[in-house]
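Novice: Please find one structure pasted underneath; my questions will follow.
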Amino acid sequence: MRIIPDRPTMPALETSATQAARQAAIERMRNSYGPKIIEEYLRRPTTAYFDALNRDNMQRFFDVTNERIPKGTEMYRAPSSGEVMDRLPRNPGDVYLPKRIQSTAGSADLQMLGELLEGRLNTGGNQQKAPGIAKITAMQNLPGIYDINEFLERMNVPDRSRSSFNIESVLGPRTRYVVQGFNPGANGVPPTWNLGAYANMGLGAANILGFLPALMQGGQAAQGKLNLMPSDPTIGQMR
């Protein structure tokens with residue numbers, strides 16, 4: 001008698017009803033649950049990261065969203081003290097994977113970032129003074145929200161909060177950041193990073209100090225030494 005080896009059981013094909021249910025769940029995350037999660041993050045930046053609250057759901061949202069930050073977008077972020085002192089790598093080519101969403105400001109917000117460098121801005125995320133600055137360039141289209149205010153308005157989130165930055169972007173938690181340049185800073189100049197942001201893999205290069213003069217001018221503007229743009233009395237929230 002010939003013994004026929006056991007064959008692996010083929011997985012059952014999904015029914016059309018199962019596929020429809022999955023697609024409906026994705027659409028609810030994209031258009032309802034996800035926007036509410038992002039609004040919660042904007043409203044309560046110090047608690048929205050907690051695993052017991054929104055962190056896993058944030059991941060699910062950015063896994064399915066069609067929102068993208070366009071390739072070539074230049075963004076600016078004030079890293080936390082822990083990132084500046086320990087977690088952010090400093091060698092060109094090193095990769096940083098924070099595994100959490102990151103909010104950034106745009107070039108129109110240099111004055112507010114200058115205030116943060118000077119310790120004159122409460123970010124809403126327990127950060128009153130920036131110990132360093134990172135310029136982040138999208139090296140490809142990235143899962144993320146380019147303008148959180150426009151997004152929440154477009155999604156019609158009720159009773160929504162509003163970022164005080166002109167353009168606050170939110171990058172998805174799977175974003176990979178590659179160090180393109182680093183300057184340790186000295187004599188009152190903060191350490192600065194140039195980071196290339198990727199959804200997958202890639203290479204890039206940029207001038208590490210090309211943006212720093214504008215940031216320092218923003219700090220001078222906050223002290224009344226320079227007027228870059230009309231003053232905004234609203235307190236910003238860099239998370």
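The values are calculated or read from the model by the stated rules, or taken from the named source; none is laboratory data. Model, not experiment: these values are computed from the prediction. Positions of Cβ are backbone-derived with ideal geometry, glycine not excepted, and every protein chain shown enters the neighbour counts.
Novice: Restricting attention to the range 90-110, which residues are of a type in the set (Lys, Arg) and either free of Cβ contacts under 8 Å to residues at least 40 places away in the same chain or surrounded by 17 or more Cβ atoms within 10 Å (Cβ to Cβ) (or both)?
Specialist: Of everything in the range 90-110, nothing turns out to be of a type in the set (Lys, Arg) and either free of Cβ contacts under 8 Å to residues at least 40 places away in the same chain or surrounded by 17 or more Cβ atoms within 10 Å (Cβ to Cβ) (or both).
Novice: Could you list, in sequence order, all residues of the range 53-107 that are of a type outside the set (A, V, I, L, M), in a loop (DSSP other than H, G, I, E, B) and modelled with pLDDT under 90?
Specialist: Asn54, Pro79, Ser80, Lys99, Arg100
Novice: What do you reckon, is Phe165 hydrophobic (A, V, I, L, M, F, W, C), at pLDDT below 95 and either touching a helix residue (DSSP H, G or I) at 6+ places or on another chain (Cβ under 8 Å) or assigned to a loop (DSSP other than H, G, I, E, B) (or both)?
Specialist: It is true that Phe165 is hydrophobic (A, V, I, L, M, F, W, C), at pLDDT below 95 and either touching a helix residue (DSSP H, G or I) at 6+ places or on another chain (Cβ under 8 Å) or assigned to a loop (DSSP other than H, G, I, E, B) (or both).
Novice: Name the pairs: first residue in the range 7-29 and surrounded by 11 or more Cβ atoms within 10 Å (Cβ to Cβ) and in a helix (DSSP H, G or I), second residue of a type outside the set (D, E, K, R) and modelled with pLDDT of 85 or more, Cβ to Cβ under 7 Å, at least 6 apart or on different chains?
Specialist: Ile26/Val64; Met29/Phe61; Met29/Val64
Novice: A further question on this structure: With Arg60, Arg87, Arg77, Arg68 as the choices, which residue is surrounded by 15 or more Cβ atoms within 10 Å (Cβ to Cβ) and free of Cβ contacts under 8 Å to residues at least 60 places away in the same chain?
Specialist: Only one candidate passes the filter, namely Arg60.
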